Amino acid sequence: MKLFPFLQWLPEYKKPGVIRADVLAGLTGAIVVLPQGIAFALLAGMPPHYGLYAAMVPCLIAALFGSSRLMVTGPANAISLTTMALIAPLALPESPQYVVFVLTLSFLVGVIQLTLGFSGIGKWVEKVPHSVIVGFTAGAAVLIINSQAGTLLGMSIPRGTDVIGTLKAIATFALSGDMQWESIAVVLITLGIIRLWNPLNKYIPSMLIAVIIGAIAAMLIELAFPQMTPFKRVSSIPGAFPPISMPDLSLPTLQKLFAATLIMTLLASTEAMAIARAIALKTKDTFNANQEFIGQGLANVAGSFFSAYPSSGSFNRSGVNLAAGAKTPLSAICAAFFLIIILAFVSPLAKHIPYVVIASLLLLVAWKLIDLEQIRHEIKAGKGAWIPMLITAIGTITIALEWAILIGIFSSAVMHQILKRKQKKTK
């Protein structure tokens with residue numbers, strides 16, 4: 001472990017083309033996170049602009065102090081969904097008290113990550129079975145779709161309704177003949193634009209184009225049908241720079257957040273480690289798990305003072321960073337600064353984005369989370385892999401997320417012991 005790991009890659013800027021590559025990759029990353037950050041914040045139950053704040057300070061700090069050179073830290077889909085599941089029972093989503101709880105959660109998660117990193121035992125989080133992560137991710141995808149179903153179909157479904165309740169509500173709504181074709185039309189337009197724009201994605205992100213055209217389509221539909229109920233829209237973003245915030249470290253709050261902190265630390269750390277390891281293998285780079293824990297811990301602690309909800313490695317933004325030709329962590333640092341600059345100019349336009357457009361992006365994100373190739377791989381690996389995967393996926397959909405992960409880990413350990421005994425008997 002090193003106190004200032006960024007000193008290792010700073011000399012690389014003497015090489016020609018490195019700075020240019022990182023700056024361009026950072027600009028691309030800043031553009032990509034604009035629609036994603038808003039979408040993930042809504043998924044986390046936070047006001048829309050908090051998703052963008054989570055892509056600033058945590059992104060910068062993790063790049064400076066983490067081990068992974070090209071992983072981008074910030075708002076992530078599974079982390080956002082889990083934030084809602086853990087904190088919604090304690091306070092009303094988007095309320096001031098809810099925001100305080102979530103920002104305090106960031107601080108506590110960061111403290112534990114730092115403790116694990118400095119103690120040298122952070123690497124043990126890497127031991128969480130891959131099958132459990134695959135099952136949790138697939139279950140999380142179903143929950144994301146469930147949380148956005150009402151917005152996608154233009155119907156009212158109470159927040160927190162389970163999957164079965166949502167399916168019943170949709171069936172009743174469909175049989176009533178009151179389907180809101182306007183919302184469905186905007187969803188189809190948004191997803192269609194993403195599909196059509198994909199060949200040009202390397203020039204301008206398809207999600208950004210889809211948000212712009214989806215918002216225009218919604219306005220045209222409202223003009224053509226003035227009798228319809230206007231689409232609900234995102235509130236305006238108050239400022240480009242994240243406001244200073246303070247975690248609530250009072251004893252009652254710490255008691256309420258104890259269980260949530262443990263499970264969020266496990267999930268955020270596991271996701272970050274998985275992405276960082278994958279990138280290191282792909283780029284043939286070295287990776288230090290404990291150093292990455294320190295980077296992630298500092299990112300969450302610092303983020304809690306700059307209005308950032310819990311962050312982790314982002315699959316989407318890290319993939320974009322690689323594809324854009326990033327060379328060093330400077331690309332993530334540039335992304336954070338470019339985001340602040342872009343927001344200074346475009347934040348007033350956020351109020352024109354309908355929620356149904358953001359819900360369409362989340363639908364696509366959820367679909368991509370269901371990794372059929374990995375699921376097939378776990379099934380081929382045998383009972384020791386696919387049974388814990390299935391148990392975790394079902395648990396994620398039906399019970400509290402923290403219990404789903406713990407049950408998945410427990411079932412994996414049990415299956416491992418059962419198969420071990422069977423092997424001994426056959427010898």
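Computed over the chain, the per-residue total of -39500 (n - 2.57) for DSSP H runs of n ≥ 4 gives a 222 nm mean residue ellipticity of -23000 deg cm²/dmol, rounded to 500. For S312, nonlocal amide neighbours, meaning residues 5 or more places apart or on other chains whose placed amide H falls under 5 Å from its own, are G74, A76. Couplings 3J(HN,Hα) for region 78-88, derived from phi with the Karplus relation 6.51 cos²θ - 1.76 cosθ + 1.60 (θ = phi - 60°), are 5, 5, 5, 4, 5, 4, 4, 4, 7, 9, 4 Hz, where x marks Gly and Pro.
Evaluate E = 1/(1 + (r/R0)^6) for F258 and A344, where r is the Cβ-Cβ distance and R0 equals 35 Å; express this FRET efficiency to the nearest 0.05. The partial results should precede the final answer.
On the way: r = 39 Å, r/R0 = 1.11.
E between F258 and A344, to the nearest 0.05, is 0.35.
Could you rank the peptides 169-180, 336-347, 365-376, 61-72 by their average count of other C-beta atoms within 10 Å per residue, with the highest value first?
Numbers: 169-180: 12.7, 336-347: 16.7, 365-376: 15.1, 61-72: 27.5.
Highest mean packing first, the order is 61-72, 336-347, 365-376, 169-180.
Is there a pair in K127/K256; K282/K424; K282/K425; K256/K351; K14/K127 whose C-alpha atoms are over 31 Å apart, and which pairs would that be? Over 31 Å apart, Cα to Cα: K282/K424; K282/K425; K256/K351; K14/K127.
Rolling a 1.4 Å probe over the protein heavy atoms gives region 130-204 an accessible area of 55 Å² per residue. Spatially, region 151-171 and region 298-322 are offset by 30 Å when compared through their Cα centroids. Peptides 203-211, 150-158, 8-16 ranked from most to least packed by the mean count of surrounding Cβ atoms within 10 Å: 203-211, 150-158, 8-16. When the residues T28, T286 are ordered by accessible surface, computed with a 1.4 Å probe over the protein chains alone, the sequence from largest down reads T286, T28.
Converting phi to 3J(HN,Hα) with the Karplus coefficients 6.51, -1.76 and 1.60 and the offset θ = phi - 60°, region 246-262 yields 10, x, 9, 9, 5, 4, x, 5, 4, 5, 5, 9, 4, 5, 4, 5, 4 Hz in sequence order, with x at every glycine or proline. Taking the 1.4 Å solvent-accessible surface of region 129-216 as the whole, the part contributed by carbon and sulfur is 68%.
Note on region 256-382: with neighbouring protein chains present and a 1.4 Å probe, carbon and sulfur make up 68 percent of its accessible heavy-atom surface. Considering only C-alpha atoms, what is the centroid distance from region 378-396 to region 175-248, in Å? Cα centroid to Cα centroid, the span is 36 Å. The residues of region 274-427 present an accessible area of 49 Å² per residue when probed at 1.4 Å with all protein chains retained. Positive-end ranking of I112, P158, V102 along the dipole of region 41-174, with charges on Cβ about the Cα centre, is headed by I112. A simple packing score, the average count of other Cβ atoms within 10 Å per residue, orders the peptides 323-334, 264-275 as 264-275, 323-334, with the highest score first.
Hey, any idea what % of region 1-100's accessible area is carbon plus sulfur with a 1.4 Å probe? All intermediate terms of the calculation are to be shown ahead of the outcome.
Values: 2380 of 3430 Å².
The nonpolar share, carbon plus sulfur, comes to 69 percent.
Taking θ as phi - 60° and the Karplus parameters 6.51, -1.76 and 1.60, the scalar couplings of region 68-75 work out to 6, 7, 10, 6, 10, 9, x, x Hz in sequence order, x denoting glycine and proline.
The values are calculated or read from the model by the stated rules, or taken from the named source; none is laboratory data. Computed from a predicted structure; not experimentally measured. With ideal geometry, Cβ positions are generated from the backbone for all residues, glycine too; neighbour counts draw on all protein chains shown. Note: areas computed on protein heavy atoms with side chains; ligands, DNA, RNA excluded. Shrake-Rupley method; radii C 1.70, N 1.55, O 1.52, S 1.80 Å.
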